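**Student:** First the structure, which I've put down as structure tokens, then a few questions once you've had a look.
The values are calculated or read from the model by the stated rules, or taken from the named source; none is laboratory data. What you are looking at is a predicted structure, and each value in this text was computed from that prediction instead of being measured. Don't worry about glycine lacking a Cβ; one is built from the backbone with ideal geometry, like all the others, and counts go over all protein chains shown. Please note that ligands, DNA and RNA were not included when accessible areas were found on the heavy atoms of the full protein model with its side chains. Shrake-Rupley method; radii C 1.70, N 1.55, O 1.52, S 1.80 Å.
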Amino acid sequence: MFSSFLSSLFLLLLAVVYTNAEIQYQDFVVKEILVKRLCKTHRVITVNGQYPGPTLTATDGDTLVIRVTNLARYNITLHWHGILQIRNGWADGPDYITQCPIVPGATYVYKFTIINQEGTFWWHAHALWLRATVHGALIIYPKLGKPYPFDKPHREYPIILAGEWWNQDPNEVLRQATITGAAPNVSDAYTINGRHGDLFPCSNQGTSIFPVVSGETTLFRIINAAMNTELFVSIAGHLMTVVAADSAYTKPFTTTVILLGPGQTTDVLVTADQPAGRYYVAARAYASAQGVPFDNTTVTAILEYKFSSCTAIHGVQTMPPPLVPLLPAYNDTSTAAAFSAALRSPGPVNVPDPVNETLFFTVGLGLFGCPPGMICGGPNGNRFAASINNVSFVLPSTLSMLQAYYFNVPGVYTEDFPPEPPIIFDFTANNISLSLQQPVQGTKVYRLKYGSAVQIVFQGTNIVSGEEHPIHLHGYQFYVLATGFGNFNPDVDTKKFNMVDPPERNTVGVPVNGWAVIRFIADNPGVWLVHCHIDAHLMWGLAMAFIVENGEGDDQSLLPPPVDLPIC
């Protein structure tokens with residue numbers, strides 16, 4: 001009880017440090033409702049009966065107290081994507097990493113303070129495949145008196161790109177894939193703010209519409225909440241000015257198309273400078289893996305000018321059909337790479353230097369042999385796997401890793417995660433040896449000293465198939481120094497590092513058969529998950545975790561757990 005009191009006191013003290021900071025209370029009830037989509041009625045898991053879930057708004061410095069009651073039939077946790085949770089990993093949410101799940105009928109209160117963060121965030125379930133329908137926007141506004149680093153827009157809208165939508169329970173899709181070892185079934189459609197758009201059957205009446213006024217500028221806060229798909233986004237006839245990515249402001253640049261991997265957010269300004277009318281906001285897949293099935297549908301919403309002219313047909317006013325944007329080809333890797341390369345911080349930043357920890361992580365797919373007596377659905381009768389440095393991550397089941405670390409409980413994980421792959425080979429070659437395809441399973445962590453400067457090279461592999469991997473680091477923002485294709489060559493590629501104004505992100509796209517380099521200061525103690533935000537890859541084991549040690553004194557140490565932390 002005393003530890004819970006100290007935890008609550010710390011959060012409250014942080015809140016009053018900020019002028020005009022507030023404590024916001026929210027009730028989230030996780031429950032199943034009936035939703036009709038694509039001409040069929042489905043039972044889906046939601047928060048407060050909403051799909052997508054409630055949009056939360058707060059101001060930098062506010063404390064959020066969110067009481068989650070689970071009335072669904074599945075265990076659940078919630079993750080507040082991009083929120084740093086300084087010293088407070090207990091509120092981060094990934095199941096069996098920072099907490100045990102909230103079981104059906106139980107309640108858990110997430111308490112956390114926003115500390116020097118603003119922009120577009122989101123929240124989502126972090127257990128099973130519940131985030132397919134359990135997700136929503138989280139908007140953090142600047143402190144009172146602090147303006148945006150761009151002219152204030154006339155209005156703003158969150159755009160949640162989601163689905164994928166299956167005509168079956170997403171957790172049944174997961175269960176089938178887990179049993180057979182095959183890739184999960186491809187989704188039937190995507191959604192924008194929970195709607196498919198009028199290109200799909202039975203969807204005309206439910207298309208998301210964003211009203212705009214001629215001559216005015218709108219801020220769109222775009223979130224990719226998709227389970228397994230990177231998405232290109234365009235607006236017919238309009239340029240988008242990118243001003244932020246992953247809740248970090250960027251040097252503004254204009255573009256006709258943006259790319260978001262699952263987990264990523266992008267803020268764009270759009271000026272209504274075209275003839276009054278209706279224009280499609282459209283998104284479809286960027287499918288970087290060759291020969292891998294994917295959902296090739298296109299989801300749409302409508303940018304609609306207020307007071308746009310109508311055409312009278314038999315005395316009835318009708319709207320003209322929306323104009324259609326030109327989207328890149330599904331496999332347009334050059335457009336994907338060009339968009340990522342255009343991201344820069346608004347000005348010079350302090351890149352961590354020199355580096356104390358230099359890590360080299362291979363990320364990619366693999367295969368497990370089929371157990372005797374089973375028929376498996378992966379390539380050549382095997383089961384799909386994924387790994388970092390040849391370790392396929394396995395979630396614990398008896399205790400969360402953060403609890404095991406805090407209370408020094410043995411047997412939950414081991415501290416022998418390798419800082420580099422066990423074998424160096426041509427990572428992006430074709431026809432990689434079968435001997436390199438099978439990873440080892442384990443719940444392994446890598447320990448970092450508080451305050452150390454960390455550099456990670458994420459190297460994609462072409463085992464089974466090369467693919468772009470959106471890698472998310474919990475508890476941190478980091479600088480992306482460079483990305484490239486092929487095998488990372490330190491003698492050559494280090495010279496490409498942007499040490500002046502690299503973009504700051506929390507989810508980096510590692511290019512297909514390529515690499516990405518990030519840096520950060522390990523100054524947030526706790527246990528922090530690193531994983532591919534393509535959930536099919538996460539279920540196959542493309543994850544690991546860092547333990548960041550306490551520093552000196554209470555201000556650099558992990559808080560004690562709350563008294564209502566769920567038990568396994």
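**Student:** If you check Ile115, Ile86, which single one turns out to be in contact with a helix residue (DSSP H, G or I) (Cβ under 7 Å, 6 or more places away or on another chain), open to solvent by 20 Å² or more (accessible area, probe 1.4 Å), within 27 Å of Asp267 (Cβ to Cβ) and hydrophobic (A, V, I, L, M, F, W, C)? Spell out how you get there, then give the answer.
**Tutor:** Numbers: Ile86 fails: in contact with a helix residue (DSSP H, G or I) (Cβ under 7 Å, 6 or more places away or on another chain).
Ile115 is the lone residue from the list that is in contact with a helix residue (DSSP H, G or I) (Cβ under 7 Å, 6 or more places away or on another chain), open to solvent by 20 Å² or more (accessible area, probe 1.4 Å), within 27 Å of Asp267 (Cβ to Cβ) and hydrophobic (A, V, I, L, M, F, W, C).
**Student:** Just to be sure, is Thr120 within 15 Å of Thr46 (Cβ to Cβ), among the polar types (S, T, N, Q) and crowded, with 18+ Cβ neighbours inside 10 Å?
**Tutor:** Working: within 15 Å of Thr46 (Cβ to Cβ): no; among the polar types (S, T, N, Q): yes; crowded, with 18+ Cβ neighbours inside 10 Å: yes.
So Thr120 fails the test.
**Student:** Here's a follow-up. Collect the residues in the range 170-209 that are polar (S, T, N, Q), open to solvent by 70 Å² or more (accessible area, probe 1.4 Å) and part of a loop (DSSP other than H, G, I, E, B), keeping them in residue-number order.
**Tutor:** Residue satisfying the conditions is Asn185 alone.
**Student:** Related question: Open to solvent by 40 Å² or more (accessible area, probe 1.4 Å), touching a Cys at 6+ places or on another chain (Cβ under 9 Å) and of a type in the set (D, E, K, R), is that true of Arg344? Please lay out each step first, then the result.
**Tutor:** Numbers: open to solvent by 40 Å² or more (accessible area, probe 1.4 Å): yes; touching a Cys at 6+ places or on another chain (Cβ under 9 Å): no; of a type in the set (D, E, K, R): yes.
No; evaluated as a whole, the condition is false for this residue.
**Student:** Might you check whether a residue that is open to solvent by 20 Å² or more (accessible area, probe 1.4 Å), assigned to a loop (DSSP other than H, G, I, E, B) and either farther than 26 Å from Trp540 by Cα or among the charged types (D, E, K, R) (or both) occurs anywhere in the range 157-166?
**Tutor:** In the first step, residues of the range 157-166 are kept if they are open to solvent by 20 Å² or more (accessible area, probe 1.4 Å); the result is 157-158.
Subsequent filtering for residues that are assigned to a loop (DSSP other than H, G, I, E, B) retains none.
So far as the range 157-166 goes, no, none of its residues is open to solvent by 20 Å² or more (accessible area, probe 1.4 Å), assigned to a loop (DSSP other than H, G, I, E, B) and either farther than 26 Å from Trp540 by Cα or among the charged types (D, E, K, R) (or both).
**Student:** From the set of residues in the range 248-283 that are under 14 Å from Tyr148 (Cβ atoms) and among the hydroxyl-bearing types (Ser, Thr, Tyr), which is least open to solvent (accessible area, probe 1.4 Å)?
**Tutor:** Step by step, filter the range 248-283, then rank; the result is Thr250.
**Student:** What's the number of the only condition in (1) among the hydroxyl-bearing types (Ser, Thr, Tyr); (2) in contact with a Phe, Trp or Tyr (Cβ under 9 Å, 6 or more places away or on another chain); (3) touching a residue at least 60 places away in the same chain (Cβ under 8 Å) that Ser340 fails to meet?
**Tutor:** With (1) among the hydroxyl-bearing types (Ser, Thr, Tyr); (2) in contact with a Phe, Trp or Tyr (Cβ under 9 Å, 6 or more places away or on another chain); (3) touching a residue at least 60 places away in the same chain (Cβ under 8 Å) applied to Ser340, the lone miss is (2).
**Student:** Can you name the number of the only condition in (1) assigned to a helix (DSSP H, G or I); (2) modelled with pLDDT under 95 that Ser397 fails?
**Tutor:** For Ser397, the exception is condition (1).
**Student:** Which residues, counting only those in the range 132-145, are surrounded by fewer than 17 Cβ atoms within 10 Å (Cβ to Cβ) and either under 20 Å from Pro94 (Cβ atoms) or free of Cβ contacts under 8 Å to residues at least 40 places away in the same chain (or both)?
**Tutor:** Gly145 - this is the single residue of the range 132-145 that is surrounded by fewer than 17 Cβ atoms within 10 Å (Cβ to Cβ) and either under 20 Å from Pro94 (Cβ atoms) or free of Cβ contacts under 8 Å to residues at least 40 places away in the same chain (or both).
**Student:** Could you check, for the range 356-363, whether at least one of its residues is assigned to a loop (DSSP other than H, G, I, E, B) and acidic (Asp, Glu)? Step through it out loud before you land on a result.
**Tutor:** At the first step, the residues of the range 356-363 found to be assigned to a loop (DSSP other than H, G, I, E, B) are 356.
Narrowing further to those that are acidic (Asp, Glu): none.
The answer is no, given that none of the residues of the range 356-363 is assigned to a loop (DSSP other than H, G, I, E, B) and acidic (Asp, Glu).
**Student:** So, one more: Can you give me the number of residues within the range 471-485 that are within 13 Å of Val517 (Cβ to Cβ) and not in a strand (DSSP E or B)?
**Tutor:** Going through the range 471-485 one residue at a time, the tally reaches 0.
**Student:** Then there's this: If Phe393 passes every condition in (1) open to solvent by less than 40 Å² (accessible area, probe 1.4 Å); (2) without any contact (Cβ under 8 Å) to a residue 12 or more places away in the chain; (3) under 25 Å from Val454 (Cβ atoms) but one, which one does it miss?
**Tutor:** Status for Phe393: all satisfied but (2).
**Student:** Can you report the number of residues in the range 39-73 which are under 21 Å from the mean Cα position of the chain (by Cα) and open to solvent by 50 Å² or more (accessible area, probe 1.4 Å)?
**Tutor:** Result for the range 39-73: 3.
**Student:** For the range 481-491, does any single residue satisfy the condition of being open to solvent by 10 Å² or more (accessible area, probe 1.4 Å), β-branched (Val, Ile, Thr) and under 24 Å from the mean Cα position of the chain (by Cα)?
**Tutor:** The answer is yes; a qualifying residue exists.
**Student:** So, in the range 236-247, exactly how many residues are assigned to a strand (DSSP E or B) and open to solvent by 10 Å² or more (accessible area, probe 1.4 Å)?
**Tutor:** Filtering the range 236-247 for residues assigned to a strand (DSSP E or B) gives 240-245.
Of the ones still in play, those that are also open to solvent by 10 Å² or more (accessible area, probe 1.4 Å) are 241.
Counting residues in the range 236-247 that are assigned to a strand (DSSP E or B) and open to solvent by 10 Å² or more (accessible area, probe 1.4 Å) gives 1.
**Student:** If you don't mind, there's one more thing I want to ask. Here are the criteria: (1) part of a strand (DSSP E or B); (2) without any contact (Cβ under 8 Å) to a residue 60 or more places away in the chain; (3) more than 18 Å from the chain's Cα centre (by Cα). Tell me which single one Asn116 does not satisfy.
**Tutor:** The one condition Asn116 does not meet is (1).
**Student:** Here's something else I'd like to know. Just checking, does the range 501-511 include any residue being of a type in the set (S, T, N, Q) and either in contact with a helix residue (DSSP H, G or I) (Cβ under 7 Å, 6 or more places away or on another chain) or at pLDDT below 95 (or both)? Spell out how you get there, then give the answer.
**Tutor:** At the first step, the residues of the range 501-511 found to be of a type in the set (S, T, N, Q) are 506-507.
If we keep only those that are either in contact with a helix residue (DSSP H, G or I) (Cβ under 7 Å, 6 or more places away or on another chain) or at pLDDT below 95 (or both) too, we end up with none.
Checking the range 501-511: not a single residue is of a type in the set (S, T, N, Q) and either in contact with a helix residue (DSSP H, G or I) (Cβ under 7 Å, 6 or more places away or on another chain) or at pLDDT below 95 (or both).
**Student:** In addition: Which of the following residues is open to solvent by 20 Å² or more (accessible area, probe 1.4 Å), in contact (Cβ under 8 Å) with a residue 60 or more places away in the chain and closer than 30 Å to Gly466 by Cβ: Met539, Met544?
**Tutor:** Values: Met544 fails: open to solvent by 20 Å² or more (accessible area, probe 1.4 Å).
Unique residue meeting the criteria: Met539.
**Student:** Let me ask something else. I'd like the full set of residues that are over 14 Å from His81 (Cβ atoms) and not aliphatic (A, V, I, L, M), limited to the range 245-265. Break it down stepwise before answering.
**Tutor:** Within the range 245-265, the subset over 14 Å from His81 (Cβ atoms) is 249-259.
Of everything in the range 245-265, those that are over 14 Å from His81 (Cβ atoms) and not aliphatic (A, V, I, L, M) turn out to be Tyr249, Thr250, Lys251, Pro252, Phe253, Thr254, Thr255, Thr256.
**Student:** I'd like to check which strands (runs of 3 or more DSSP E) are fully inside the range 404-470 and have at least 3 residues that are open to solvent by less than 60 Å² (accessible area, probe 1.4 Å) and of a type outside the set (Lys, Arg). Step through it out loud before you land on a result.
**Tutor:** Numbers: elements: 440-442, 445-448, 452-460.
By residue number, 445-448, 452-460.
**Student:** Follow-up question, since we're still on this one. Determine the pairs where a residue that is on the phi > 0 side of the Ramachandran plot and outside the structural domain of Tyr406 (by the TED database), located within the range 89-103, has a partner that is open to solvent by less than 10 Å² (accessible area, probe 1.4 Å) and among the hydroxyl-bearing types (Ser, Thr, Tyr) with Cβ atoms under 7 Å apart, the partner being 6 or more residues away or on another chain.
**Tutor:** Gly93/Thr77; Tyr96/Ser400
**Student:** Is it fair to say Ser214 is in the same structural domain as Thr335 (by the TED database), open to solvent by less than 20 Å² (accessible area, probe 1.4 Å) and of a type in the set (S, T, N, Q)?
**Tutor:** On the way: in the same structural domain as Thr335 (by the TED database): yes; open to solvent by less than 20 Å² (accessible area, probe 1.4 Å): no; of a type in the set (S, T, N, Q): yes.
No: the conditions fail for Ser214.
**Student:** Something else about it: Applying the selection to the range 74-113, what residues are small (Gly, Ala, Ser), in a loop (DSSP other than H, G, I, E, B) and within 21 Å of the chain's Cα centre (by Cα)?
**Tutor:** Within the range 74-113, Gly82, Gly93 meet the criteria.
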